[in-house]
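Every read-out reported here was derived from the displayed coordinates using simple, explicitly stated rules and does not represent laboratory data. On a predicted model such as this, the values are computed, not experimentally measured, just so you know. Cβ sites come from the backbone with ideal geometry, for glycine too, and all protein chains shown count toward neighbours.
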Amino acid sequence: AKQRGRNRYNFFTPSMQESVEKRMRLANELRIAISGEQFTLYYQPIVELSSGRIQKAEALIRWVHPKHGRISPADFIPIAEETGLINEIGNWVFLEAARQVKIWRERYQPDMQISVNKSPIQFRSEAHHESVWIDHLKSLNLPGHCMVVEITEGLLMDAGEAVSRRLLAFRDAGIQVALDDFGTGYSSLSYLKKFDIDYLKIDQSFVRNLTPDSPDLALCEAIIVMAHKLGIKVVAEGVETEQQRNLLIGAQCDYAQGYWYSRPVPATEFDLLLQQNPLS
Ligand code: C2E
Ligand code: CA
Ligand code: CA
Ligand code: CA
């Protein structure tokens, strides 16, 4: 097992010195993964704190390589971005998540939403056409607001004309926008005024050490008050303990996501969570 772990490390995290050849091999593996259906989506519940009800899920991609086993998105997304394959992967994630949310809305939860992570590289890419996503929702007969697109602060920092246009196109179609990993990036607040954002996701690093006297609690409370004044809802990420959950309820946080409720799970397991909804 140790041997395999080491190979995996060498194979999927090329360092700066490593050869062009190796990067090309990685890119090739990714191409095979796309065509060979080696990707799957896991889903993690996003729970409404006041009711304990699962109202959304975040779709998180998993790569199960036939030889190397499960590979973390943190290891392969950067390579997909470097090689431009992120466009194809990002489209697949959106289409697959939309197909899934349709099923869950019909079977369990009429107002279920799924959020997908959108790479800033794809967001800026000429090859990306938001109309494909929007047309896909139409063909599934799904309203835009059943999907949320998660973007990061960095994207908005240097947003050009194309990025702004794309964000507007999503919003016009009813697709909602969440600002992921809030508080870790460049943290300029001006873009909260400039762009219409539906959700802020407080980064896990602020939630991890949440205790009654912690500076992190003060920060979370301040973020929540600010967001609410701007008409933005707040999701806390990385909620692992009951104490964290209770402090977030006390701070009027809207939603929580984290191991306390559930790890990311395959769709079939998520079905079971929806059947026992609300979670506590
Ligand atoms: P992220 O968007 O910030 O996703 C949240 C990460 O935190 C996920 O890791 C999730 O499994 C993990 N997490 C959730 N709850 C907890 C908790 O209570 N404690 C801790 N310690 N961790 C928790 P994951 O699935 O490994 O994804 C890592 C990153 O990879 C994501 O960070 C996102 O940036 C990227 N990623 C994942 N799926 C996609 C995708 O489909 N497209 C793109 N472009 N990026 C993706
Ligand atoms: Ca995310
Ligand atoms: Ca995040
Ligand atoms: Ca708003």
I'd like the chymotrypsin sites (Phe, Trp or Tyr not before Pro) in segment 105-169 restricted to DSSP loop residues with at most 15 other Cβ atoms within 10 Å, sorted by number. TYR108
Most to least packed among 20-29, 110-119 [average Cβ atoms within 10 Å]: 110-119, 20-29
Evaluate E = 1/(1 + (r/R0)^6) for ARG23 and THR268, where r is the Cβ-Cβ distance and R0 equals 41 Å; express this FRET efficiency to the nearest 0.05. 0.70
Highest to lowest packing among 45-52, 233-240, scored as the average C-beta count within 10 Å: 233-240, 45-52
Subtracting the Cα-Cα distance of HIS129 and GLN252 from 0.36 nm times their residue separation yields 40.6 nm
Gain in span if fully extended, ARG31 to TYR108, counting 0.36 nm per residue against the direct Cα distance: 24.2 nm
Among rounded, prolate and oblate, which fits the chain when a ≥ b ≥ c are the square roots of the eigenvalues of its C-alpha gyration tensor, a/c under 1.5 means rounded, and a/b larger than b/c means prolate? rounded
Computed from the beta carbon distance with a Förster radius of 25 Å, FRET efficiency for SER139 and THR184 to the nearest 0.05 stands at 0.10
Candidate span helices, the chain: DSSP H, at least 18 Å along axis from Cα coords, Kyte-Doolittle average at least -0.5, result 20-35, 86-107, 215-229
Electrostatic dipole magnitude of the chain [Cβ: Lys, Arg +1; Asp, Glu -1; Cα centre; debye, to 20]: 640 debye
Taking Lys and Arg as +1 and Asp and Glu as -1, residues besides PRO45 with C-beta under 11 Å from its C-beta add up to 0
Along the charge dipole of segment 70-178, Cβ charges K/R +1 and D/E -1, which of PRO120, ALA169, ALA80 sits furthest on the positive end? ALA169
